[in-house]
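These notes concern the structure reproduced below.
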Amino acid sequence: MKTVYHKADSRGHADHGWLNSYHTFSFANYQNKDRMNFGALRVLNDDTVSQGMGFGTHPHRDMEIISIPLEGDLEHKDSMGTTAVIKKGEIQVLSAGTGIMHSEYNKNKDEAVKFLQIWVFPKEVNVEPRYDQKSIKEGEKINGFQQILSPNKNDDGVWIHQDAWFNIANFKAGNGKNYMLNKKGNGVYAFVLKGSAKVGDRVLNERDGLGIWDTQSFNIEAVEDAEILLMEVPMELPSYLK
């Protein structure tokens, strides 16, 4: 089993006043040749957007973009005609494909919105753009893994154009479980949202990340009550990037 550890305070940081953002991987003005991606996982941004502020209309192409609100509500508009609000307990996916324009705003007047913005390289380019969002609160599991994303349209959660599986792991202190990878050649990036847990052989605290690959499984045990996002992705980049 191989691992790479990213301590929370080692992430890139940008404070734009209206946007406070931490970058696990190279993004915008934060460029680190050793932190470009984890396999097909290209971006993991931990964003806080101030009241009434947001990202103006901007383009994307050939990327699977996943948003997971942690606090507050985020309004989305795009060139497909979609207007939607996502909130804590939901997940949103935007398959940019051949090209799309979108904006994201915090329309709340009294609270900031905190959310994860995640980019995954698709396994093929020029797909038809697509939007989807689903509640993940209803399927919440304690002391287990809750699947929130997969490559399969009929599975739990949203789906994307990649052999990737995302799970939320919620464990009470002292509890744990073994995670079995879904596909050979994949790895898992574990990102702690709350609490602390031992993932494999390393104890992770809030906002720490650990990439794990070259294994079929690994164990998670909560040191204190913990919530962890597990992002399983192919470690080999798609052929169009080579």
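Values as computed for the structure displayed
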quantity	calculated
Selection from F55, S79, P69 lying farthest towards where the dipole of segment 46-120 points positive, charges on Cβ	S79
Length added when fully stretched, K109-A173, from 0.36 nm per residue minus Cα-Cα	19.4 nm
Most positive-pole-ward Cα, T3, L230, A164, against dipole of the chain from beta carbon charges	T3
Table column - 3J(HN,Hα) (Hz), segment 115-130, Karplus curve with 6.51, -1.76, 1.60, x for Gly and Pro	8, 9, 10, 10, 10, 10, 5, x, 7, 9, 9, 6, 7, 6, x, 8
Residues I142 and V4, FRET efficiency given R0 of 41 Å [Cβ-Cβ distance, rounded to 0.05]	0.90
Of all DSSP beta bridges in segment 49-197, antiparallel share, percent nearest 5	95 percent
Square roots of five times the Cα gyration tensor eigenvalues for segment 165-225, Å	19, 11, 10
Cα coordinate range in segment 192-242, projected on the principal axes (Å, largest first)	42, 20, 12
Quotient of C-alpha Rg and 2.2 N^0.38 Å, computed over segment 103-238	1.11
Kirkwood hydrodynamic radius of segment 69-141, Cα pairs, Å	13.4 Å
Accessible surface of the chain, 1.4 Å probe, proportion on carbon and sulfur as whole %	45 percent
Å² of accessible area per residue within segment 1-157, as computed with a 1.4 Å probe and no ligands counted	48 Å²
Convex hull projection area averaged over all views, the chain, Cα basis, nm²	12.4 nm²
Under 29 Å from K109, Cα to Cα: lysines that are on another chain or at least 8 residues apart	K77, K87, K88, K134, K137, K194
Size of charge dipole - the chain - debye, nearest 20, with Cβ of Lys, Arg +1 and Asp, Glu -1, no other charges	380 debye
About the Cα centre, charge dipole magnitude for segment 72-162 (Lys/Arg +1, Asp/Glu -1 at Cβ), debye	80 debye
Point-to-point label distance, K242-N32, nm (Cα→Cβ direction, 7 Å offset)	2.8 nm
Segment 98-187: GluC sites (Glu not before Pro) falling in loop per DSSP and having at most 13 other Cβ within 10 Å	E111, E124, E138, E140
Virtual spin-label span in nm between A84 and E206, 7 Å along Cα→Cβ	2.9 nm
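The values are calculated or read from the model by the stated rules, or taken from the named source; none is laboratory data. Please read all numbers here as calculations on a predicted model, not as lab measurements. Neighbour counts run over all protein chains shown; Cβ positions are idealised from the backbone, glycine included. Note: accessible area is taken over every heavy atom of the protein model, side chains too, but ligands, DNA and RNA are not part of it. Shrake-Rupley method; radii C 1.70, N 1.55, O 1.52, S 1.80 Å.
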